[in-house]
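No value in this document is a laboratory result; all are computed from the given coordinates. Note that the structure is a prediction, hence the values are computed from the model and not measured. Cβ: placed from backbone, ideal geometry, glycine included. Neighbour counts: every protein chain shown.
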Amino acid sequence: MSIARRGVMLVIASPSGAGKTSISRAVMATDPDIELSVSVTTRPKRPSEVDGVHYHFISVKEFERMRADGELLEWAQVHDNLYATPRARVEQTLAGGRDILFDIDYQGTLQLYEKCRPDMVTVFILPPSIKELRARLERRAEDGPDTIRRRLKNARIEMEHWQEYDHVIINEDLERSVEKVRSILSAARSTGRRLTQMQSFVRDLQNQIDSL
Ligand code: 5GP
């Protein structure tokens, strides 16, 4: 039997290249109850990206309008570009009992903690080594050497924040990392405070005892 529940906000963060995108995709591919929070960004679209799927690509002017109108749950500047999470979709998803996955950096995570801590479970992904991180950034091949250097510098800063996350995974093996995230999500789903109908379910059990 299933008891109605509020959705989980699952945050997966890591330095770019550590594997969070592959992990997120794999978790979502096998789980119909979780969807991706599509951020807005002012960064130019990469050739492999689709507007509305990977991000909503918007102008700085539109970004500023959304921020001024309170439409953003959190926002951050990363590598000279602006990124943010639109609020409305998150609220609808959670209330509908579905989970939502966030691929955001530590600045965004800290802002979400202030507003949504009880709804959140956070996971930080680390690369097994810098050699591996570099190789992954180079394999991506969409970014030039300057961008890769900047991403590595940024990775150093991002890593500093590992202690702010509920769970930390060293991504040595993709399948094992995905399994760990699935277990974390599964545990979060049965947290008592998310089970919105549990009060009436327990009362019903108690009534049955009373009427024995
Ligand atoms: P990329 O440009 O490689 O897609 O993302 C660069 C960084 O921006 C990543 O660390 C990613 O987690 C972060 N990011 C993407 N979307 C958001 C968002 O909505 N909010 C915040 N705070 N960071 C984001």
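Is one or more of the residues making up segment 159-171 without any contact (Cβ under 8 Å) to a residue 40 or more places away in the chain, under 28 Å from Val40 (Cα atoms) and of a type in the set (Phe, Trp, Tyr)? There is at least one residue in segment 159-171 that is without any contact (Cβ under 8 Å) to a residue 40 or more places away in the chain, under 28 Å from Val40 (Cα atoms) and of a type in the set (Phe, Trp, Tyr). Applying a threshold of 7 Å to beta carbon distances and a minimum spacing of six or more residues, or different chains, the list of pairs starting in segment 135-158 at a residue that is in contact (Cβ under 8 Å) with a residue 12 or more places away in the chain and ending at one that is of a type in the set (S, T, N, Q) and more than 9 Å from the ligand (Cβ to nearest atom) reads Glu142/Ser48.
Does segment 35-53 contain any residue that is touching a strand residue (DSSP E or B) at 6+ places or on another chain (Cβ under 9 Å) and among the small types (Gly, Ala, Ser)? Walk me through how you get there before you give the answer.
First pass over segment 35-53, keeping only residues touching a strand residue (DSSP E or B) at 6+ places or on another chain (Cβ under 9 Å): 35-45, 49, 51, 53.
From the residues that got through so far, the ones that are among the small types (Gly, Ala, Ser) too are 37, 39.
Taking every residue of segment 35-53 in turn, at least one turns out to be touching a strand residue (DSSP E or B) at 6+ places or on another chain (Cβ under 9 Å) and among the small types (Gly, Ala, Ser).
Scanning segment 45-66 for residues that are in contact (Cβ under 8 Å) with a residue 12 or more places away in the chain and of a type in the set (Lys, Arg) turns up Lys45, Arg46. Looking at segment 20-41, which of its residues are in contact with a Ser or Thr (Cβ under 7 Å, 6 or more places away or on another chain) and not aliphatic (A, V, I, L, M)? Those that are in contact with a Ser or Thr (Cβ under 7 Å, 6 or more places away or on another chain) and not aliphatic (A, V, I, L, M): Lys20, Glu35, Ser37, Ser39.
Residues that are closer than 19 Å to Leu36 by Cβ, more than 16 Å from the chain's Cα centre (by Cα) and exposed (fewer than 14 other Cβ atoms within 10 Å of the Cβ) do occur in segment 168-176, at least one of them.
Inside segment 20-126, counting only strands (runs of 3 or more DSSP E) that do not spill past its ends, which hold 1 or more residues that are touching a Gly at 6+ places or on another chain (Cβ under 8 Å) and farther than 24 Å from Arg136 by Cβ? Show your work before the answer.
Details: elements: 34-36, 72-78, 81-86, 99-102, 120-126.
The strands (runs of 3 or more DSSP E) meeting that bar are 72-78, 81-86, 99-102.
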